[in-house]
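Taking it in order: structure first as structure tokens, then the write-up.
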Amino acid sequence: MVLVESKLEDSSKKAHGNAHHVKKCTAKAAAQKSVLSSRSLHVRTAVWNFRDRGTMPILSPEEKVIIAENTRHKGVSGELCLTNKRLIFQHRSGIITKRIYVTLDLPLEGVDNVAVEGLVIKHLTVYAKKGFISSFPAKLDFSVNSPDLWHKEIMGALGTRLGSIERREKIEALSDFGALKDFMVKGGLMLQTVKCPECGGPIKLPESGNQTRCDHCGNTILAQDIFEKIKGLI
């Protein structure tokens, strides 16, 4: 009888311990969810505060804000703003009258890489290409609340922007021999002459204009025709 009561008591303690462990794990998961939620809420709130204060940067046509946040850069508190075209950091300064100073206006095509760095406290690091901020490549650190979120948004905007620029260059290449030559050079293709599609005679590519004429047969060749022939090689 004593043995049975002892086993029942042990089982009761074990069940109580398991229940306490489950309760502790649930509380921990809820706390982690709360932290993530508060970070996301803080970023969204920062965007609205950024807009409500009337400190939004002047945007170009078809430019839209993706994410913005109050943060620090080089020891200065200000607003970091990512649009579909640029990365902007600005701050307000002044004793009596506060003025807005834009200390960073980096086109997305000038972004070389983006990383989340830091062993204990994570921060956002943006690497700028040579010539966009200075004559040397630049490293930019930002103390944002959610570096992973900013990393994701910048990389997504960068991919979209580069794709848009490439499509624009292709369209320009269709209409002008000068733009077509630049497009070929970027693609690693160097052409000075092409064959006439009618007689096969050599035709020297002009420096500009949207069409040229074959000296051998008089056939007219458009920049678009040349682009269609060489686009598979670039």
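The values are calculated or read from the model by the stated rules, or taken from the named source; none is laboratory data. Only a predicted model underlies this, so the values are computations on that prediction, with no experimental measurement involved. Using ideal geometry, Cβ is built from the backbone for each residue, glycine included, and neighbour counts are taken over all protein chains shown.
For this structure, a couple of remarks:
- Any hit, region 180-187, residues being of a type in the set (Lys, Arg) and either assigned by TED's automatic domain parsing to the domain that holds Asn113 or at pLDDT below 75 (or both): yes
- Per-region count, region 117-142, residues surrounded by 15 or more Cβ atoms within 10 Å (Cβ to Cβ) and touching an Asp or Glu at 6+ places or on another chain (Cβ under 6 Å): 3
This table checks each residue for (1) at pLDDT below 80; (2) in the same structural domain as Ile165 (by TED's automatic domain parsing); (3) surrounded by 14 or more Cβ atoms within 10 Å (Cβ to Cβ).
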residue	(1), (2), (3)
Met190	yes, no, no
Pro202	no, no, no
Asp215	no, no, no
Leu222	no, no, yes
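- Test for Asp141: is it closer than 20 Å to Leu162 by Cα, assigned to a strand (DSSP E or B) and not basic (Lys, Arg): no
- Any hit, region 149-170, residues being touching a Lys or Arg at 6+ places or on another chain (Cβ under 6 Å) and either at pLDDT 90 or above or not assigned by TED's automatic domain parsing to the domain that holds Glu207 (or both): no
- So Val194, is it modelled with pLDDT of 80 or more, surrounded by 15 or more Cβ atoms within 10 Å (Cβ to Cβ), not in a helix (DSSP H, G or I) and not assigned by TED's automatic domain parsing to the domain that holds Glu109: yes
- Residues of region 184-203 that are under 40 Å from the mean Cα position of the chain (by Cα) and touching a residue at least 12 places away in the same chain (Cβ under 8 Å): Met184, Lys186, Gly187, Gly188, Leu189, Leu191, Gln192, Thr193, Val194.
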